[in-house]
Amino acid sequence: MDDRVQVTITEGVADVRLVRPDKMNALDAAMFEALVATATRLASEKRLRAVVLSGEGRAFCAGLDMGRFAAMKEKGGNGIAGGEARDLTRRTHGIANFPQMAVWGWRQLPVPVIAAIHGVAFGGGFQLALGADMRFVSLDARMSIMEIKWGLVPDMAGTPILASLVRDDILRELTYTGRIFSAQEALTYGLATRICDDPRAAALEFAREIAAKSPDAIRAAKRMLNKLSVDPAPALLAESVEQQKLLGSPNQLEAVRANIDKRAPHFVDS
């Protein structure tokens with residue numbers, strides 16, 4: 001786990017770092033496993049007061065590992081973390097499946113989580129940031145709901161969270177196009193909490209401020225605020241149902257092949 005995610009806890013603040021900088025912290029099977037294991041471990045830390053989630057190197061998280069798409073291009077299949085046979089519709093972690101838990105686990109933590117975003121947060125990497133309570137971003141950060149580029153839909157718990165943050169038409173536009181948007185746009189849309197010169201330093205400072213408050217009140221506040229959202233269970237299942245239909249389908253594989261081959265895709269009408 002330490003070769004993907006490292007954790008240091010100081011005075012109740014967990015500094016959680018994605019440590020795969022050579023791959024821009026991309027999500028491979030080991031990263032999914034580490035994220036779920038880390039969130040599960042932190043959920044039982046009684047002295048935990050706040051969490052900061054950030055990435056080493058040039059990016060927060062570039063999304064799904066390109067090796068998975070390359071394998072999908074050559075062999076088909078679903079490219080899902082943990083093996084080709086994974087049934088996305090099976091609820092393995094409460095209302096979530098395993099890939100969703102890599103994001104939903106942070107939402108369920110009993111204490112506030114701040115994502116510190118620099119470089120890029122694309123696709124699954126952006127969904128990971130959505131699992132946090134707040135997002136502190138650098139001015140030059142770039143983000144995208146990028147799944148459409150690969151013939152897919154967001155399926156890591158992003159949709160129910162996005163629905164609580166963003167105007168419906170903006171959410172649809174970003175999901176349908178997969179376009180890359182700036183930190184300033186993210187702030188305008190409600191996807192960024194603050195723009196900071198140094199997001200990680202600002203997030204750690206803010207986490208220490210939270211840690212100085214009554215831990216009982218902070219945990220109560222998170223429980224209360226989490227209940228304000230619409231019931232996420234149907235949305236999480238819908239993500240899985242739609243993604244499972246798409247994975248390995250002719251048009252989805254064509255999207256992958258076209259992107260890797262750097263050519264225009266040739267889709268067929270269903």
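Does residue 225 fit the bill of being out of contact with any Gly (no Cβ under 8 Å at 6 or more places or on another chain), within 23 Å of residue 124 (Cα to Cα) and of a type in the set (A, V, I, L, M)?
Details: out of contact with any Gly (no Cβ under 8 Å at 6 or more places or on another chain): yes; within 23 Å of residue 124 (Cα to Cα): no; of a type in the set (A, V, I, L, M): yes.
No.
When you look at residue 115, is it assigned to a strand (DSSP E or B) and farther than 26 Å from residue 227 by Cβ, yes or no? Reasoning before the result, please.
On the way: assigned to a strand (DSSP E or B): yes; farther than 26 Å from residue 227 by Cβ: no.
Here the answer is no, as residue 115 does not meet what is asked.
Return the residue satisfying two criteria in turn: it lies in segment 28-44 and is in contact with a strand residue (DSSP E or B) (Cβ under 9 Å, 6 or more places away or on another chain) and charged (D, E, K, R), and of such residues it is surrounded by the most Cβ atoms within 10 Å (Cβ to Cβ).
28
Search segment 97-108 for residues that are under 20 Å from residue 17 (Cβ atoms) and pair each with any residue that is outside any helix (DSSP H, G or I) and of a type outside the set (A, V, I, L, M, F, W, C) when their beta-carbon atoms are under 6 Å apart and the residues are at least 6 apart or on different chains.
If the second residue must be outside any helix (DSSP H, G or I) and of a type outside the set (A, V, I, L, M, F, W, C), the pairs left are 101/93; 103/131; 106/131; 107/131.
Go through segment 226-270 and report how many residues are closer than 20 Å to residue 86 by Cα and in a loop (DSSP other than H, G, I, E, B).
Within segment 226-270, residues that are closer than 20 Å to residue 86 by Cα and in a loop (DSSP other than H, G, I, E, B) number 3.
If I ask for residues that are in contact with a Leu (Cβ under 8 Å, 6 or more places away or on another chain) and either hydrophobic (A, V, I, L, M, F, W, C) or at positive phi (or both), which ones from segment 42-56 would you list? Show your work before the answer.
Going residue by residue through segment 42-56, those that are in contact with a Leu (Cβ under 8 Å, 6 or more places away or on another chain) are 42-43, 48, 51-56.
Result: 42, 43, 48, 51, 52, 53.
Could you count how many residues in segment 150-175 are among the polar types (S, T, N, Q) and either in contact with a helix residue (DSSP H, G or I) (Cβ under 8 Å, 6 or more places away or on another chain) or at pLDDT 95 or above (or both)?
Keep residues of segment 150-175 that are among the polar types (S, T, N, Q), which gives 159, 164, 175.
If we keep only those that are either in contact with a helix residue (DSSP H, G or I) (Cβ under 8 Å, 6 or more places away or on another chain) or at pLDDT 95 or above (or both) too, we end up with 159, 175.
Total satisfying the criteria: 2.
Can you pull out every residue in segment 57-76 that is charged (D, E, K, R) and crowded, with 16+ Cβ neighbours inside 10 Å?
Residues of segment 57-76 that are charged (D, E, K, R), as a first pass: 58, 65, 68, 73-75.
Residues satisfying the conditions are 65, 68, 73.
Would you point out which residue out of 178, 248, 190 is at pLDDT below 95 and of a type in the set (Gly, Ala, Ser)?
Details: 178 fails: at pLDDT below 95; 190 fails: at pLDDT below 95.
Just one listed residue meets the conditions, 248.
Collect the residues in segment 45-65 that are among the small types (Gly, Ala, Ser) and out of contact with any strand residue (DSSP E or B) (no Cβ under 6 Å at 6 or more places or on another chain), keeping them in residue-number order.
At the first step, the residues of segment 45-65 found to be among the small types (Gly, Ala, Ser) are 50, 54-55, 57, 59, 62-63.
Within segment 45-65, just 57 meets the criteria.
Considering every residue within segment 5-27, establish whether at least one is at pLDDT 95 or above, assigned to a helix (DSSP H, G or I) and in contact with a strand residue (DSSP E or B) (Cβ under 7 Å, 6 or more places away or on another chain). Working first, answer last.
First pass over segment 5-27, keeping only residues at pLDDT 95 or above: 5-27.
From what is left, the residues that are assigned to a helix (DSSP H, G or I) are 21-23.
Those left that are additionally in contact with a strand residue (DSSP E or B) (Cβ under 7 Å, 6 or more places away or on another chain): none.
Taking every residue of segment 5-27 in turn, none turns out to be at pLDDT 95 or above, assigned to a helix (DSSP H, G or I) and in contact with a strand residue (DSSP E or B) (Cβ under 7 Å, 6 or more places away or on another chain).
The values are calculated or read from the model by the stated rules, or taken from the named source; none is laboratory data. All values derive from a computational prediction rather than experimental measurement. Cβ sites come from the backbone with ideal geometry, for glycine too, and all protein chains shown count toward neighbours.
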